[in-house]
Amino acid sequence: MQEGFVLKLIFLESSLFSGLFIMSLDSWISESDSIRKESKNPYSSGCIFVIGILAFGVFGSIASLFFGVLFLTGEDKIFPGFGFFFCISLVTIFIITMRSYRKASHIVKTIEIKTNTSLLSLRETDKSDVELPLSEFISYMILFRMERSSSSGSSTTTSSSWKYWDLYLLYKDGSCILLETFQDSDSLKRGLEFFKTKLPLPVWDRSDLKLTDPETTEVPHKKDPKQIEPSPWVKTESKDQGTKIEILEPKSAGRAFITILVPTLFYGAWFAILNSVFKDPENLIFLIFFIPFSIFFLGIVTVMTVFILFKKTDIIANSFELKLRYSTRIPILSSLLYRERSIPLTSIRNIRTIRMEKDNQILCVALKSSNESKQRTFLDILYNVQSVNLSSKQLPGDAELLGILALGSWLPKGPGYSDLVFAENVLESVLNLSEESLTFTDLASSSPKK
């Protein structure tokens, strides 16, 4: 999703951005037979919106005026011309992105643990509800992560780091759902006590706090979950003696504009620097640094453009295998960079959906460790490039956890988590997959001792 990708780039190094996703137990509503939390779009208003207007509106306008005057009055046209184009483009991207998120200001996401029906309910405005039996969750899972940010002042560079403990619910097939994020161990311990009063599952601590607790109480099965209704964003069709499943992306002029503009800005910056080098060809020392920088810089930009922004994945399943066909939407390169990966049914451990930090929602396939992995080609490595790190979600017994579909969030229209779960169910049905049912005992005993 280009809007989410660009917005997260804009605020990637901001402490405010990191703090957005820190939740509080105060946001949970506790009732006699349930606990629930409702989340609203963090991008549609508040501090991010104000800071965005100040940073991009005020700065962009002043910088655009400055470079515009240089362009009209100076002899050099390349550098001030690009500076003007760059500032105007940033402001335009911000306006398009924030306008999209403002349209989604009405969206509310709800997660609810219902003890009266023994169901976990996941709801989102204008999307189908997802219900899962509480009896089929095997444990809580604690994961630790750290994020770093740096800022440069007039004479010094300061860096900051934030520690987070994410508390997940772990499903029997390895799927996991983020419940809460904590910034200190005491809050995490209080959170565990709070959740275990409603859902007494064992605790699997994969951080450094040694909170693993096998104690549990059997959760009864009281009610079957309702079936997920397919949405217009999920498309299935017969193809190559199998079933192709596709999750469609919403199309708009703004999205198309951003897709073209982002790589144009990067390549334009390199061209403007190259023009400055040619104006002073006697400065050979500068060339020593510029040539390796250009190779490195253009390599990163090309990978980002071709293998992230323009990546296309076809998912085809039959009773024997799962096929992942990778290509790019750039016509000239689509055939040259085509890559197909066939995964035999015997190598598939589970199909999983993951709701993780920073609103990332991903459909994954977990491969068995008992099967030898084939040697990966260079294209395999490039097509696996993604902005989401799944290494911490890999479980004992997984040879590989491969993300095959990732969704953005908080968009006014488009697919949601229910569509990923529906796609998971379709793949499991077509493959006739007998998934490995995971247990807390096996997972906890396989983990290295702290």
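Remarks
- Count of the range 305-322 residues which are over 14 Å from E340 (Cβ atoms), open to solvent by 20 Å² or more (accessible area, probe 1.4 Å) and among the hydroxyl-bearing types (S, T, Y): 1
- Top-ranked residue of the range 173-204 - restricted to ones that are assigned to a loop (DSSP other than H, G, I, E, B) and among the acidic types (D, E), ranked as farthest from Q394 (Cα to Cα): D184
- Filtering the range 227-269 to residues that are open to solvent by 60 Å² or more (accessible area, probe 1.4 Å), under 30 Å from F293 (Cα atoms) and of a type outside the set (S, T, Y) leaves F257, I260, F266.
- When P344 is tested against (1) modelled with pLDDT of 85 or more; (2) open to solvent by less than 30 Å² (accessible area, probe 1.4 Å), only condition (2) is not met.
- Considering only residues in the range 406-442 that are of a type in the set (D, E), assigned to a helix (DSSP H, G or I) and under 17 Å from A366 (Cβ atoms), the one that is least open to solvent (accessible area, probe 1.4 Å) turns out to be E424.
- N389 meets the conditions (1) part of a strand (DSSP E or B); (2) under 30 Å from Q183 (Cα atoms) in every case but one. The failed one is (1).
- Flag for S327 being over 17 Å from Y383 (Cβ atoms) and of a type outside the set (A, V, I, L, M, F, W, C): no
- For S207, the criteria (1) part of a strand (DSSP E or B); (2) within 27 Å of Q394 (Cα to Cα) hold in every case but one, which is (1).
- On the stretch given as the range 387-400, residues that are farther than 23 Å from L309 by Cβ and not small (G, A, S) total 6.
- Among strands (runs of 3 or more DSSP E) entirely within the range 297-371, having at least 2 residues that are aromatic (F, W, Y) singles out no element at all.
- Qualifying residue in the range 377-386 (condition: more than 23 Å from the chain's Cα centre (by Cα), modelled with pLDDT under 85 and assigned to a loop (DSSP other than H, G, I, E, B)): yes
- Taking the range 210-268 as the range and being more than 30 Å from F82 (Cα to Cα), among the basic types (K, R) and in a loop (DSSP other than H, G, I, E, B) as the test, the residues that pass are K210, K222, K223, K226.
The values are calculated or read from the model by the stated rules, or taken from the named source; none is laboratory data. Source: prediction; values computed, not measured. Neighbour counts are summed over all protein chains in view; Cβ atoms, including those assigned to glycine, are modelled from backbone coordinates with ideal geometry. Side chains included, ligands, DNA and RNA excluded: accessible areas come from the protein's heavy atoms. Shrake-Rupley method; radii C 1.70, N 1.55, O 1.52, S 1.80 Å.
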